[in-house]
Structure formats: C-alpha cells, structure tokens
Amino acid sequence: MEAVSETDVQFWMAKAVNWGEATSCSALLDTSRHLGSLRSFLQQVLQGLQQMSSTSEAMKTFPFVGQFLGRLCWNPCVIADERSQRLLLRCLNCLYSAEPLNAVEQKANMWIKNMLCHLISEEEGSVAHATVKHAGLTPKRYHSEALQKVVSLMTEEVIKSCDGLPNTSAGCSNGNIHAMSTACAALVTCPQISPLIGALLKHSMLCGFSCLNQEFIKEVSEALISKRLVLEDEAVVNLWCYSPTCLEGAAVSLLESVLSDHETMTQSLDKHVNGSLLPQASADHCHIFLTINEIYRNVLTEIDENLAVRALIQVFTVCFLQRLTGQKPQDRLPLRAFFPHVMPSLLTPLLTAPSEVPREAWLDHLSWIRSLLQSVTENEEAGEDVRAYQAFFEAWFLLVQCGYWVDTAAELLVLAAPENAEPLLWLLTFFHHPTNREHQRSQQTAVAREAWTHLRMLFLTRPPPPRHLSAVKELLSSSLSANLVLHLFSNFTVFSHGPVSIITEITDKVLTEAAVKRRALWILASIRCRLNSAATRDDRVHSRLRTLQDTLLQT
C-alpha cells in the first residue's frame, strides 16, 4: 500500500524491537518521544487494514503487522497512552475474521483474542495472564508496575539533580531535564507519570525556567484544567510560577466554571474557590495574586454589572486574605505589596474583615470607609487628572474586592434608624454606580433611599402593604437601579425578623423573572460567604438563607 512506505515500516519495526517492553529509562524516554508520530503511523496502518477484504489479504499486504502490533501491545508506555491503545485495538479488530476461511485465519483469531484480553481484560487462560502468572500479577497491574518502576527511577534522578543545586542556576542538566519533559508530554494523563511531572516542575523552580519542553507545559496545563491529571498542590503552584499562561488559564477556568454553573456555585462558592488552589498560591506568591487580580479587573471593566463576576472577586479576596492571615508573621508580605496601586489609607479599613470589628462599631467603621471613598471621588470629579482617575478606579475596585463591607452596610440598613442610613446608602450606591456622569450618583442615591423606604414598610408591616410591593417590583424593573435595589431586597429577606413563610411569600411575588432570581442567588452567595467567616454563627439567619436559596433554585 502506498499509505505505508517500506522506509516507515523498517523504521517503526526497528523501534518496536529496540523498545522491547520499555523497562529502562532510555527506552521509556524514546518511546514517549515518538508517541505522536507512532500514532500517525498506526493511523496509516489502520486505514490500510480497513480497505482489506479479509485477514489473509491483510497479512499478505502487511506481512509485518502481526509482529509489530504484538510488540507494541507489550510496551507499557504505548499502552498507557489512551489514543495509542485505541488505535491498537482498532487495528486488531480489523484483522479479526468473523468467519475464518482457513487455518491461518483461525490461528490469527486466537492470537488476536489473546491480545485483546491482554489489553482490555484479565481473563484467566489468556497468553497475557499465563506470561505474568509467575509474578502473581494481572496483566494490567504488571504493566502498571513496570511503568511505575521506570518512572520512579527517572523521578529519583530529577530529585537528586534538584538536591545538588546550590543556587538557582548551578548544576542543572538542562538537556536531560528537557528530554524527560518531552517524553512526558504525550503521557501527562497517565497516573503513574504524576510523580515525575511534579519533580520536573519542582526542578524548574530551582534551576531557572528554561529547561522544560513547552509542549509538556501546555499538555499539563490542559490536563489539569480538564481534571484528567491530579498533581500535588506544590507541583500545581510550581507550574503557575513557571508559566503565566497556565496561571491565566486556571484563573479563567475558575471564572468560566462560576459563570456556567450558577446552581452549584451559588451554594458553595467559597469551597469551589478554595478548591481551585488559587487563593493559597496567591498568598504564597505575590506575583500570582497580582496576575489574577489583573485578569479579574479586566473582566469587571467589561461586564461591571455582572453579579456573578463581582461575587467571585469578593469571595476570592476573602479566601486569599484568610490564607494570608494564616501565615506566620515573619513569612507574610505587607498588604501594600499585594495592593500597590491603592491609597494606603484605604487598605486597613477595607481589608479588615467585619468579623474582626465589634458589631456595635460597624456603623462607625462604615462611616469611616464612606468618608475615605468620598474624598477620593471628590478629587476625581474636581478635574481631568489621570492619576486622580486611577486612584478613584483602584478605590472602587478594592471596594468590590471587599464587598463584604457593602453587604454589612446592607444588613445594617434592614434595622437602621433614618438618621444612620445616609452613609450606608451612599456606600451601596457607590458600589453599584461608581461613576457620576450627569450627577447619576445623586439620582441613584435617591433611588436607593426610596427603595429602602418601601422595603422597610414591606418587611416590617403585617400584612405586607400591596402598594409597597408594587413599588419595589417597579424599581427592580428599572435597568438603571435593578442590582442596587435587588441587593437591598436580598438583605431584607435574610436579616428581617418576620416569619420565614411571609418572607418567602414576598420573595415569590417580587422576584418573578428567572434572570432576576439568578442575580439574587449571587447576592445571597456573597452574604453566605461573609456569614461563614463570621466570628459567631446565627443559626436562624443561616437557616433562612438556605431556605431562600432553595426557594429561588426550585422556582
């Protein structure tokens, strides 16, 4: 067949013979390095076999095929690669005769059955089973342990080279490390390879970042994001330190998972964010935090009204600060290093969690935050200075990151006296409408005050007055103020003292559209994250919050 040249046949037969069962480091490296081109050759063989009318014709046309496939079936490195194994199975199936016409085809069928049993089963009596029976192992386990043994030797070699590095550049055998990473590229989803991948990534951190194969880095990153590869946390962080592209992929993957699965995420957002390892890595490596911050900042500027994005940014910041606080003081970088562009006077009041401030001091603390932010906005509005605008944007973005203080302000508004409401309403308005084009902020503050007045009457009066119910629904329908009003409404549902039955009844009447319910769920997710980190637990509030989330998810 023209599809398979004689030169290729000789080359690959020689390779299969030289590799044997790939039980040495050199054989494993060479096999892995050639897996991609081997798959291409197997695909050509498969296409040729598919054109044959019988097994006899196939064996005459491809006299090498039986010995070639047989040798590959015993190579643990080839078998560990899912795509190569799938091609082997398809080639064997093409050779099988449903109705053998002669003794040769009958004998071929018996051999093919044994190879299939070896690859996909552990059937008693197969050739594979008989061959490894003396070792007390099944064929699958035999090949797994053979591969694991070779990988272990290679891992030890990498670890020893790491131990021998007195500084970040000396003693690194770049050529060998690059060869190993090249070999691993085709096998990153094979569980036995994980220790070697981890050792290579650790080595890259110690010797400088020039010795790993880029295809290896790409394959590892994609396998991690698709959850086809499990690595130790240290190895994952090393990968992110090595490759900004991989770090960006992880940050974007977290964002996409949050945006695509609101039902799961709104109920366990903090667990999902912590599970991504990004908060811990950010606390340990400042540049990782700055990179993720920049990614989410850019996303927010594009879709600043998206409550899911805001919730993710807030929860990520909370999880990061918790990890940072958990570090030993001597190991902890100052907050200024993580927020280099923010006015220093804003860092302490905003990055201090509500749980660290006595409840009776919340109003004063929020008034302090409001006065600081108000001075920033006044400076920005006074002229066209670029630095003033930058300071204004950084202040607003920090407020989004520390949205737990906005949630705290909304909680206090549920029972606040009218004389205490002004700074709280200003914060809520600035959070949702930072710009003041054509004096929009004053208009939005008036909307917030109106919504607050209606909500007080709606949730504190029995039965709920229909007039105020209609007014809240009308305010929620406005595209300009919907999120602001919804933020207030959601906090009233959680923190007002009315019976749960009344609260759910009001919720059902006000939140009638599916899109509005989804946005409300994201606000509740932010509230839940703040309550989970509170100094004390209010079971009544937690129970009500769960009930509201369940109600919104079911309707």
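The values are calculated or read from the model by the stated rules, or taken from the named source; none is laboratory data. None of these values were measured; they are calculated from a predicted model. Here the Cβ is made from the backbone with ideal geometry for all residues, glycine too, and neighbour counts use every protein chain on show. All accessible areas refer to the heavy atoms of the entire protein, side chains included, with ligands and DNA or RNA removed. Shrake-Rupley method; radii C 1.70, N 1.55, O 1.52, S 1.80 Å.
Show that you can apply the helix-only estimate: for the chain, add -39,500 (n - 2.57) for every DSSP H stretch of four or more residues, divide by all residues, and state [θ] at 222 nm to the nearest 500. Each step should come with its number before you reach the end.
Numbers: 31 runs with 409 residues, N = 555.
Rounded to the nearest 500, it is -23500 deg cm²/dmol.
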The chain: relative contact order from alpha carbon pairs under 8 Å, six or more residues apart, as a whole percent, is 9
Ignoring ligands and nucleic acids, Glu57 exposes an accessible area, probe 1.4 Å, in Å² to the nearest 10, of 70
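Might you tell me the accessible area per residue for the chain, computed with a 1.4 Å probe and given in Å²? Could the numbers behind the result be given before it?
Values: 25330 Å² over 555 residues.
Per-residue accessible area for the chain comes out at 46 Å².
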For the range 61-72, Karplus-derived ³J(HN,Hα) couplings (6.51, -1.76, 1.60; θ = phi - 60°; whole Hz; x for glycine and proline) come out as 6, 10, x, 7, 5, x, 5, 5, 5, x, 5, 5
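So if each residue of separation counts as 0.36 nm, and I subtract the Cα-Cα distance between Gln214 and Ser345, what length gain in nm does that give?
On the way: separation 131, 0.36 × 131 = 47.16 nm, distance 4.33 nm.
Gain on extension, Gln214 to Ser345, equals 42.8 nm.
Using a 1.4 Å probe on the protein heavy atoms, what percent of the accessible area of the range 337-376 belongs to carbon and sulfur? Each step should come with its number before you reach the end.
On the way: 1060 of 1820 Å².
The computed percentage sits at 58.
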Could you go through the range 150-160 in sequence order and give the Karplus-derived ³J(HN,Hα) for each residue, using 6.51 cos²θ - 1.76 cosθ + 1.60 with θ = phi - 60°, rounded to whole Hz, and x for Gly and Pro? 5, 4, 4, 5, 5, 5, 4, 4, 5, 4, 4
Give me the one-decimal nm value for the distance between modelled label points at Asn306 and Ala417, 7 Å along each residue's Cα-to-Cβ direction. 4.3
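Equivalent ellipsoid semi-axes for the chain, as square roots of 5 times the alpha carbon gyration tensor eigenvalues: give them largest first, rounded to whole Å. Walk me through the numbers before you get to the answer.
Details: eigenvalues 762, 165, 79 Å².
Output for the chain: semi-axes of 62, 29, 20 Å.
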Each residue of the range 448-457 in order: what ³J(HN,Hα) in whole Hz does its phi give by Karplus 6.51 cos²θ - 1.76 cosθ + 1.60, θ = phi - 60°, with x for Gly and Pro? 4, 5, 5, 4, 4, 4, 5, 5, 4, 5
Along its principal axes, what span do the Cα atoms of the range 341-554 show, with the longest given first and each in whole Å? 52, 39, 32
Could you work out how far the C-alpha centroid of the range 57-78 sits from that of the range 403-482, in angstrom? 74
What full-extension length gain, to one decimal in nm, is calculated for Val500 and Thr453 as 0.36 nm per residue of separation minus the Cα-Cα distance? 14.8 nm
The simple spin-label model distance between Ala223 and Asn532, using points 7 Å out along Cα→Cβ, in nm, is 3.0
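Just to make sure I understand: if all protein chains stay in place, what is the order of Trp405, Trp111 by accessible area at 1.4 Å, largest first? Please list the in-between numbers first.
Working: Trp405 0, Trp111 85 Å².
The most accessible residue leads, giving Trp111, Trp405.
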In nm, what is the difference between 0.36 nm times the number of residues separating Gln10 and Glu256 and their Cα-Cα distance? 83.7 nm
Cβ-Cβ FRET estimate between Asp550 and Gln44, R0 fixed at 60 Å, reported to 0.05: 0.60
What does the accessible area of Ser501 come to, in Å² to the nearest 10, when a probe of 1.4 Å is used? 80
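Please list Ser543, Ser257 from largest to smallest accessible area, probe radius 1.4 Å, with all protein chains kept in place.
Ranked from most to least accessible, the order is Ser543, Ser257.
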For the range 229-297, what are Rg and Dmax over the alpha carbons, in angstrom? 12.0, 34
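Ranked by accessible surface with a 1.4 Å probe, highest first, in what order do Ser32, Ser371 come? Could you put the intermediate results ahead of the total?
Numbers: Ser32 5, Ser371 60 Å².
Per-residue accessible area, sorted high to low, gives Ser371, Ser32.
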To the nearest 10 degrees, how steep is helix 500-510 against the longest Cα principal axis of the chain, on a 0 to 90 scale? 80
Taking the full set of protein chains and a 1.4 angstrom probe, give the accessible area of Arg310 in square angstrom, rounded to the nearest 10. 10
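Which net charge results when you count Lys and Arg as +1 and Asp and Glu as -1 among the other residues whose beta-carbon is under 14 Å from that of Leu300? Kindly include the intermediate steps, with their values, before the conclusion.
Numbers: positive: Arg297, Arg310; negative: Glu294, Glu302, Asp304, Glu305, Glu394.
Summing Lys/Arg as +1 and Asp/Glu as -1 gives -3.
Would you mind working out the magnitude of the charge dipole of the chain relative to its Cα centre, with +1 at each Lys and Arg C-beta and -1 at each Asp and Glu C-beta, to the nearest 20 Debye? Don't skip to the answer; put the middle values down first.
Working: 46 positive and 56 negative charges, 184 e Å.
Around 880 debye, computed over the chain.
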Taking the C-alpha atoms of the range 6-120, convex hull volume expressed per residue in Å³: 93
